[in-house]
Amino acid sequence: ASPTAALATDGDSSPASSASMAQPAVVDVNPPRGTRDFPPEEMRLRSWLFDNFREVSRSMAFEEVDFPVLESEALFIRKAGEEITQQLYNFEDKGGRRVVLRPEITPSLARLVIKQGKSVSLPLKWFTIGQCWRYERMTRGRRREHYQWNMDIFGMPKVRAEAELIQAIVLLFERLGITSSDVGIRLSSRKVLQAVLDMYSVPQHLFTQVCVIVDKLGKLSREEIEKELISTGLSSEAVQGIIEVLSLKSLSKLEEVLGSGVEAVADLKKLFSLAEQYGYADWICFDASVVRGLAYYTGIVFEAFDREGELRAICGGGRYDRLLSTFGTEDVPACGFGFGDAVIVELLKEKGLLPDLPRQIDDIVFPLDEELEGPASSVASSLRKKGRSVDLVEDKRLKW
Ligand SMILES: OCc1cccc(Br)n1
């Protein structure tokens, strides 16, 4: 019954008279601001997308894991000024604990790796699909929740891990009918920025803050970026050097600037060579401006974007070799990505790639009169036991 009908009953179980049915609902039937309902048709699309996430994860021998949406706030307190930590959906629970609706999943993955400690052998290849939250002033009218597919590898220090994760992303796009002319994957390494900061003797403690600022390239004007960089204490010479290197789109040019034998260049060259072997070289391109906005990335970073339209980031990720030590334990090299459920659906709509997902019923059993209700139930039951989807219908539909 619709909420209106439920609210309009006159105290007993039967619906109230039709006159009172016209009254507006007492409670707002919309979901909380920034959140979504998934009625059957939308839920079929979401399940189809998640089934594709799962099938790619299975094909790459990743194991599914899961975590509470509710996490300790301490897992997400970082000082680098990231948007994600400034929009925490945080509160104090009835036990006085500081908790959050998680804004991302990587810290939970790291927490479980630490919890399991030596009882697991490396490398670990884990995936999960889970809802993530942010509390953003609704001035921008953006969503406050989305579902994210995460794939992460723990204990694989070499670039092979990044190459595996990028293949997973390409396999997903190909399963959905998206091609490398629709979408590209930009990649770089935070070691590029590290090398530039070293050239200008910038103190190491500024590294994550600088990464978070330069991640806004393309969103803020160059002047605003320069102003924010200067405000961290960088010299104008260092700021110009950073902007110049981050505008590079050619690996050979980068090698000219940074010199050969730089680890960043070696890593990227190795990744491009692996990409040829995997067969997805036409999907990827080097772009030194890619740094991603999460403080804990330490190496290669990548993001998929639509080549037309607003160049939205569809998914992104990177290497985070020093996240575990921020939780007080020894580091395990790691890398992973997050892939949201909303931008990809917008892209599929724009490309005319949304699948037709009709309701799936194998049989309808319909008792022609009351005497047949019993036999209809046994027919439906035996068909269901054979695995068929059976809709046992009433002879009268509730009119409301
Ligand atoms: O990717 C940033 C993000 C985090 C949580 C919720 C939403 Br919507 N978006």
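Of note:
- Solvent-free Debye scattering, log10 I(q)/I(0), computed from the Cα coordinates of the chain at q = 0.07, 0.14 Å⁻¹: -0.44, -1.32
- Peptides ranked, highest mean first, by Cβ atoms within 10 Å: ranges 22-28, 141-147: 141-147, 22-28
- Kirkwood Rh and Cα Rg combined as Rg/Rh, segment 195-262: 0.96
- DSSP-defined antiparallel bridges as percent of all bridges, the chain, nearest 5: 80 percent
- With the highest mean first, a sort of the peptides 159-169, 96-106 on other beta-carbon atoms found within 10 angstrom per residue produces 159-169, 96-106.
- Descending by average beta-carbon neighbour count within 10 Å, the peptides 182-192, 300-310, 213-223 line up as 182-192, 300-310, 213-223, the highest first.
- A Cβ-based charge dipole, computed about the Cα centre of the chain with Lys and Arg at +1 and Asp and Glu at -1, lands at about 800 debye.
- Ranking 355, 234, 221 by Cα position along the charge dipole of the chain, where only Lys, Arg, Asp and Glu carry charges on their C-beta atoms, puts 234 farthest toward the positive end.
- Between the helical axis of 190-199 and the longest alpha-carbon principal axis of the chain there is an angle of about 30 degrees.
- Inter-site label distance for residue 312 and residue 278 at 7 Å from Cα along Cβ, in nm: 2.4 nm
- Count of lysine pairs in segment 91-224 with Cα separation under 25 Å (8 or more residues apart, or interchain): 8
- In this simple spin-label model, placing a label point 7 Å from the Cα along the Cα-to-Cβ direction at both residue 83 and residue 285 gives a separation of 2.2 nm.
- The label point for residue 385 and the one for residue 204, both projected 7 Å from the Cα toward the Cβ, are 6.9 nm apart.
- Intensity falloff of segment 265-352 expressed as log10 I(q)/I(0), Debye formula with alpha-carbon point scatterers, at q = 0.13 Å⁻¹: -0.54
- Whole-number D in µm²/s for segment 126-197 (Stokes-Einstein; Kirkwood sum over Cα pairs; 25 °C, 0.890 mPa s): 158 µm²/s
- Between segment 358-375 and segment 202-267, the Cα center-to-center distance that results, in Å: 67 Å
- Counted residue by residue at 0.36 nm each, then reduced by the alpha carbon distance between them, the extension gain from residue 136 to residue 54 reaches 26.6 nm.
- Pairwise FRET efficiency - residue 360 versus residue 326, Cβ, R0 = 45 Å, nearest 0.05: 0.45
- For segment 83-144, the spherically averaged projection of the C-alpha convex hull amounts to 6.1 nm².
Coordinate-derived values only; no laboratory data. Small disclaimer: the values here were computed from a predicted structure and weren't measured. With ideal geometry, Cβ positions are generated from the backbone for all residues, glycine too; neighbour counts draw on all protein chains shown.
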